[in-house]
Amino acid sequence: MNAMTVRRRTLTTIVLAAFYAAFVATSLAPAQSQSSANRTIWSGVFNADQAKRGEASANKNCAKCHNADLAGGQDGPALVGADVLQAWNGMTVGELFDRIRTTMPADAPRSLSPQETADVVAFILSLNKCPTGDELPSEMEALSQIRITTRP
């Protein structure tokens, strides 16, 4: 084989490898984004320990307005039930997290840490009969990938 043939074969191999790598990357990317986009509150996005911590925090910070069972009180709306899920349907857990983090408790907005807020969200999800699974993160980017839906 002469040098010119070797160079052509090498170049052809490199070009084919690049095309193959690009094909694999683009075919896997939609599957990855689709799986995270399909996560809902019914996908096991919090765990029981976290919901327990959230219950303790809710009793301290939320119960005075929303009652201990978060079914609503004189000064705060219900955070549990079909009407609540319907009102938040299509929104993300990140939006719920942000609303709680920036506006609650009413007498001390922004006083809950990100972890406390995630724990309270986990408690709210548990009261809405969502299944347990992994620990709910406290980072907005991850929370924004989880949709609130009325049905699994």
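Values quoted throughout were computed directly from the atomic coordinates according to the rules given, and no laboratory measurement underlies them. Since we're looking at a predicted model, the values are computed, not measured. Backbone-built Cβ (ideal geometry, glycine too); neighbour counts: all protein chains shown.
Among the residues of the range 61-74, the one identified as in contact with a Pro (Cβ under 9 Å, 6 or more places away or on another chain) and surrounded by fewer than 17 Cβ atoms within 10 Å (Cβ to Cβ) is LYS64.
With respect to the conditions (1) in contact with a Leu (Cβ under 7 Å, 6 or more places away or on another chain); (2) at positive phi, LYS129 falls short on a single one, namely (1). Summed over the range 75-110, residues that are part of a loop (DSSP other than H, G, I, E, B) and surrounded by 12 or more Cβ atoms within 10 Å (Cβ to Cβ) total 12.
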